[in-house]
């Protein structure tokens with residue numbers, strides 16, 4: 001944690017909790033649990049994510065990822081968290097607020113993934129709920145956006161369950177699984193959330 005304290009603004013909370021989970025910033029020591037969970041979940045995650053680099057699960061690639069996370073936090077453009085089960089400390093997945101825009105927007109984008117063994121058990125809803133006070137109070141954003149593939153029923157259900165409203169369709173929005181694909185756009189406003 002000393003590594004993160006050295007790069008984080010003093011007001012940055014290092015752990016968030018809700019329901020059965022807690023969130024914290026990724027650490028280099030998370031590599032083994034992260035790479036194991038991602039490897040076991042590869043087939044499950046592939047339809048919903050960009051193509052993985054050939055070395056994605058290596059320690060070296062993870063070290064670069066941690067450095068990028070630290071830079072993004074310093075630059076106030078992205079805040080990544082890993083999601084852990086409170087009772088066991090087991091890594092379940094991750095959630096990130098990225099593409100942060102200030103100025104007249106005060107908005108960011110929500111991204112998330114859950115390991116296959118933990119899917120459809122409500123952990124991600126707990127994770128998003130843990131993140132919302134941080135987004136709207138600590139980061140002072142007014143709008144949190146999310147996008148998902150139209151066929152991703154669990155993701156649409158999650159976003160609606162967490163209070164997001166569907167706003168429309170974006171054509172060829174993101175390159176997922178090697179192809180540009182349309183996405184449904186969702187958003188949650190500060191005024192929509194009871195904090």
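The values are calculated or read from the model by the stated rules, or taken from the named source; none is laboratory data. Owing to the predicted nature of the structure, the values given are computational and were not obtained by experimental measurement. Here the Cβ is made from the backbone with ideal geometry for all residues, glycine too, and neighbour counts use every protein chain on show.
Of the numbered conditions (1) outside any helix (DSSP H, G or I); (2) surrounded by fewer than 16 Cβ atoms within 10 Å (Cβ to Cβ), residue 57 fails exactly one; give the number of that condition.
Status for residue 57: all satisfied but (2).
Quick check: is even one residue across segment 132-143 buried (at least 17 other Cβ atoms within 10 Å of the Cβ), over 13 Å from residue 95 (Cβ atoms) and touching a residue at least 60 places away in the same chain (Cβ under 8 Å)?
Yes.
In segment 164-195, which residue that is in contact with a helix residue (DSSP H, G or I) (Cβ under 8 Å, 6 or more places away or on another chain) and crowded, with 17+ Cβ neighbours inside 10 Å is nearest to residue 17 (Cα to Cα)?
Ranking the candidates gives 188 first.
Mind checking whether some residue in segment 61-75 is under 17 Å from the mean Cα position of the chain (by Cα), part of a loop (DSSP other than H, G, I, E, B) and surrounded by 12 or more Cβ atoms within 10 Å (Cβ to Cβ)?
Scanning segment 61-75 turns up no residue that is under 17 Å from the mean Cα position of the chain (by Cα), part of a loop (DSSP other than H, G, I, E, B) and surrounded by 12 or more Cβ atoms within 10 Å (Cβ to Cβ).
Just checking, which of 119, 125, 87 is in contact (Cβ under 8 Å) with a residue 60 or more places away in the chain, under 17 Å from residue 17 (Cβ atoms), touching a helix residue (DSSP H, G or I) at 6+ places or on another chain (Cβ under 9 Å) and surrounded by fewer than 20 Cβ atoms within 10 Å (Cβ to Cβ)?
Testing whether each residue is in contact (Cβ under 8 Å) with a residue 60 or more places away in the chain, under 17 Å from residue 17 (Cβ atoms), touching a helix residue (DSSP H, G or I) at 6+ places or on another chain (Cβ under 9 Å) and surrounded by fewer than 20 Cβ atoms within 10 Å (Cβ to Cβ) leaves just 125.
Select from segment 14-33 the residues that are surrounded by fewer than 20 Cβ atoms within 10 Å (Cβ to Cβ) and free of Cβ contacts under 8 Å to residues at least 60 places away in the same chain and list them in ascending order.
14, 15, 27, 28, 29, 31, 32, 33
Pairs, please: C-beta under 8 Å, at least 6 apart or cross-chain, first residue under 16 Å from residue 33 (Cα atoms) and in segment 46-58, second part of a helix (DSSP H, G or I)?
Close Cβ pairs satisfying both conditions: 56/38; 57/35; 57/38; 57/39; 58/35.
Out of (1) in a strand (DSSP E or B); (2) in contact with a strand residue (DSSP E or B) (Cβ under 6 Å, 6 or more places away or on another chain), the odd one out for residue 175 is which?
Status for residue 175: all satisfied but (2).
Here are some residues: 39, 130, 119, 46. Which one is closer than 22 Å to residue 165 by Cβ and at pLDDT 95 or above?
130
Quickly run through segment 144-163 and pick out the residues that are more than 14 Å from residue 111 (Cα to Cα) and either at pLDDT below 95 or crowded, with 21+ Cβ neighbours inside 10 Å (or both).
Result: no residue meets the conditions.
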